[in-house]
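See below for the structure under consideration.
The values are calculated or read from the model by the stated rules, or taken from the named source; none is laboratory data. This structure is a prediction, so every number in the text was calculated from the model and none was measured. Positions of Cβ are generated from backbone atoms using ideal geometry, with glycine treated the same way; all protein chains shown enter the neighbour counts. Surface areas here come from the heavy atoms of the whole protein model, side chains and all, with no ligands, DNA or RNA. Shrake-Rupley method; radii C 1.70, N 1.55, O 1.52, S 1.80 Å.
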Amino acid sequence: MSSPSKRREMDLMKLMMSDYKVEMINDSMQEFYVDFHGPKDSAYQGGVWRIRVDLPDAYPYKSPSVGFVNKMYHPNVDEMSGSVCLDVINQTWSPMFDLVNIFEVFIPQLLLYPNPSDPLNGEAAALMMRDRTAYEQRVKEYCEKYAKPEDVGAAQEDTSSDEELSEDDYASSDEAIAGEADL
């Protein structure tokens, strides 16, 4: 690749052509959301998470920042901020990796094989080590409460804009304004 911007563009296009729903933030190729489905045969199966990805200017030489937008119960995910403790992203990133690797390998592996000895969520780590069945039940409760497929778009951060309003929203707000002017 001749430049980080070309590589960023190529990796993003590859991710968009895969099975992932990708939504750009402010039409930037450096910030976007990806809808991620929990791995099959895991307590996360059936859940859908919106993951925010920020690509640094030096991508692919510098790792992307990745975080869950909707709540995730996992020892290596901060419950409040959604930030991910994942060595391969945070410390051992290589330009050989791309965005598809993150969603097809790294995050599924993180969910399938948590590391409770290096937690961002101490309560989840302690429960996992103490009672694996109760931990998996809590994961399923979080999936049902915070990761329903129909709700994933509603879990966005405060980035709503006029572009996100449907035609019905425009029609109803126009009517309200027109009605007030008639008074």
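Odds and ends about this structure:
- Some residue of region 57-68 being at pLDDT 95 or above and either closer than 21 Å to GLU150 by Cβ or open to solvent by 30 Å² or more (accessible area, probe 1.4 Å) (or both): yes
- A count restricted to region 98-118 and to residues that are farther than 19 Å from GLN45 by Cβ, modelled with pLDDT of 90 or more and open to solvent by 50 Å² or more (accessible area, probe 1.4 Å) stands at 2.
- LYS140 being touching a residue at least 24 places away in the same chain (Cβ under 8 Å), more than 30 Å from ARG7 (Cβ to Cβ) and among the charged types (D, E, K, R): yes
- Strands (runs of 3 or more DSSP E) completely within region 20-59 that count 1 or more residues being without any contact (Cβ under 8 Å) to a residue 40 or more places away in the chain and over 14 Å from the mean Cα position of the chain (by Cα): 28-37
- Residue list for region 129-179, filter: in a loop (DSSP other than H, G, I, E, B), open to solvent by less than 80 Å² (accessible area, probe 1.4 Å) and either at pLDDT below 50 or of a type outside the set (Lys, Arg) (or both): ASP131, ALA147, GLN156, THR159, SER161, LEU165, SER166
- Hits in region 35-71 - residues which are under 30 Å from ALA134 (Cβ atoms) and β-branched (Val, Ile, Thr): VAL48, ILE51, VAL66, VAL69
- The requirement of being within 19 Å of VAL34 (Cβ to Cβ), of a type outside the set (Val, Ile, Thr), out of contact with any Cys (no Cβ under 7 Å at 6 or more places or on another chain) and crowded, with 20+ Cβ neighbours inside 10 Å is fulfilled nowhere in region 121-128; no residue meets it.
- Screening ARG50 against (1) touching a Pro at 6+ places or on another chain (Cβ under 6 Å); (2) buried (at least 16 other Cβ atoms within 10 Å of the Cβ) leaves a single unmet condition, (1).
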